[in-house]
Amino acid sequence: MCKPSDDFEGPRNVVIAGAGPAGLLLTALLMQRNSELSTPLYRVTLVDNRRNFGLVSLEELTKSYRSWMLGLAGHGCKALQTCEGLYQEYCKEVGIELRSLSLHLGAKEIKPTISPEDLVDNENFIVDRNFIVAAIARFVEEKYHDNDMCTTLYDHKLLYVDYEKRRVLVRNEKDDQEFYMPYDLLVGCDGVRSVVREALVKRHSTFEMDVGDIFQTFKAVHVERPPSVDLASLHLLPAVFPEMTGIALPETGNKLNIGIGVARHLFDQLPAELKSDDPKVVAEYARQNFKAFELVDYDDFGEQWANQRWNRTGQVHCNFYHSSEISVAIMGDAAHATSPSIGMGMNTALRDAQVFYQLLQEHKDNLTEVLPEFSNKRVKEGNSLTDLAMHLYCMDTRQQLFETIHMIVRGALHKMLPSLILDHPQNMIGRVKFQLSDVYNRAKVVGVLDKHRRINAETRQAYFEKTNGMTSPETQAMTKGGWMSSKTLLSGAVVVAGVAVGYFQWMAHCM
């Protein structure tokens, strides 16, 4: 047993806002940290406005609480394994283990080979988000239910952070009673619209954040898995419908989660059938145009598609994740919410909790040292995550097709000539030996990131100008595809330069 370095009277009151993957894992790890110390140091209160999924049966979860499928890669698995007994006994069985990747181009399936060494120490699973939350919540419930150092306040909403008095305002959603709770450490794992993050905005003029969305609208359905679809493969569906890309993820119960999205500036170009609220119209369109594999029940696809709204996902960038002055940290979606396009959002959130716990061990629970070091280690990973998710793919469908070919060719050449040809950054994602900041650097080196960032920025700006009425239809036609920003501006520069030269020559002659 060891003692904390801080001189601290009594246990620290730690309030964790948000019972998602990061908040739940951090709760479990802080309780584990207590067991490592001669005297328990952390009195943890977990606050979340939803119900306790740890008390929901698997049957009820499967029937009523299916969410969206997420990747649980080696980074996330390693983070869960940090907490003794959690991964093997609670989490490993709730997902589908992936052993391969399938790329569907029309009706043709391409399955790149994965070497055995790439599979070693790189477990990859597809899990329902609510299922992994339920697994960790059940672990916390069963292991710490009677521990007076751990309190879970489900059906309670955190409303406000009074950082000057180090307390938070909480409301019981069942009876609307409000009360204050003191804290010595406040950790915000409370998502895109984080209340805890607002305290950083109010307290620090140097805190910068960007809250937006991923510029995509999408729908997701849970259908019966066709026999031809490999249960152990992640299925990419580029150009699955006109202007749309998709992904198909196997899930428990012999189901298949198919997500299909479109960049927002292309939404108006979608076939009318895909916007229809008539399930029969959607089903018939899918029957005629979904080529990747034959669905078991097109009517079920049409029913689910037509009876759900178009979804969007938020995105968050921040320049630091802590405040020593008010004893606050943020992690997970509160710090770096992103698109699911590279499948690393939950893994990064779990790693946040793991790294925080490891820093407590390394710095002997000295929060003065732990908090800034947490930002130092995690901000680069969080911002690499959000930038890669946004710009590893291109919003221009033609350019993205070229990039898909580039990924396949570069990956094949790298296997033949590993010392001469760098692997594609897409192939590095999820492998334990690479951090996301490593992937980001590779994407810069091979030129993918800067090219896509430029195209995507022009695309978003043009959409913004169009939807806000800032540009006329004539201007929109002239600037489509970046024509004004390249060819026209270059021609204009030549004309201006020519006029300037002529003017100065005339002035010299007059003098």
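The values are calculated or read from the model by the stated rules, or taken from the named source; none is laboratory data. These figures come from a predicted structure and were not determined experimentally. Glycine gets a Cβ as well: all are built from the backbone with ideal geometry, and neighbour counts include every protein chain shown.
A few points about this structure:
- Only a single criterion out of (1) acidic (Asp, Glu); (2) under 20 Å from Asp213 (Cα atoms); (3) without any contact (Cβ under 8 Å) to a residue 40 or more places away in the chain; (4) touching a helix residue (DSSP H, G or I) at 6+ places or on another chain (Cβ under 9 Å) is not satisfied by Asp278, namely (2).
- Helices (runs of 4 or more DSSP H) enclosed by segment 252-325 - at least 3 residues per element that are farther than 14 Å from His222 by Cβ and not small (Gly, Ala, Ser): 272-275, 279-289
- Looking only at segment 126-165, and only at residues there that are touching a helix residue (DSSP H, G or I) at 6+ places or on another chain (Cβ under 8 Å) and of a type in the set (Ser, Thr, Tyr), the one that is surrounded by the fewest Cβ atoms within 10 Å (Cβ to Cβ): Tyr160
- The sole residue among Leu420, Leu385 that is out of contact with any Cys (no Cβ under 9 Å at 6 or more places or on another chain) and surrounded by fewer than 17 Cβ atoms within 10 Å (Cβ to Cβ) is Leu420.
- Ala22 fulfils the conditions (1) out of contact with any Lys or Arg (no Cβ under 8 Å at 6 or more places or on another chain); (2) surrounded by 20 or more Cβ atoms within 10 Å (Cβ to Cβ); (3) not in a helix (DSSP H, G or I) except for a single criterion, (3).
- Glu89 being of a type outside the set (S, T, N, Q), touching a helix residue (DSSP H, G or I) at 6+ places or on another chain (Cβ under 9 Å), surrounded by fewer than 22 Cβ atoms within 10 Å (Cβ to Cβ) and part of a loop (DSSP other than H, G, I, E, B): no
- In this structure, Val355 does satisfy being in the same structural domain as Glu373 (by TED's automatic domain parsing), within 30 Å of Arg193 (Cα to Cα) and surrounded by fewer than 21 Cβ atoms within 10 Å (Cβ to Cβ).
- Evaluation of Gly430 against (1) surrounded by fewer than 20 Cβ atoms within 10 Å (Cβ to Cβ); (2) not assigned by TED's automatic domain parsing to the domain that holds Ala334 (one fails), failing number: (1)
- Residue in segment 64-72 that is over 24 Å from Ser339 (Cα atoms), hydrophobic (A, V, I, L, M, F, W, C) and modelled with pLDDT of 85 or more present: no
- Matching residues, segment 165-181, being in contact (Cβ under 8 Å) with a residue 24 or more places away in the chain and among the charged types (D, E, K, R): Arg166, Glu173
- Of the helices (runs of 4 or more DSSP H) contained entirely in segment 349-463, those carrying at least 1 residues that are more than 18 Å from the chain's Cα centre (by Cα) and modelled with pLDDT of 95 or more fall at 367-391, 436-445.
- Residue list for segment 318-346, restricted to those being at pLDDT 95 or above and not hydrophobic (A, V, I, L, M, F, W, C): Asn319, Tyr321, His322, Ser323, Ser324, Glu325, Ser327, Gly332, Asp333, His336
- Checking each residue in segment 109-153 for being in a helix (DSSP H, G or I), modelled with pLDDT of 90 or more and among the acidic types (Asp, Glu) picks out Glu141, Glu142.
- Complete set of residues in segment 171-225 that are under 19 Å from the mean Cα position of the chain (by Cα), in a loop (DSSP other than H, G, I, E, B), buried (at least 18 other Cβ atoms within 10 Å of the Cβ) and charged (D, E, K, R): Asp190
- Any hit, segment 453-468, residues being surrounded by fewer than 16 Cβ atoms within 10 Å (Cβ to Cβ) and of a type in the set (Phe, Trp, Tyr): yes
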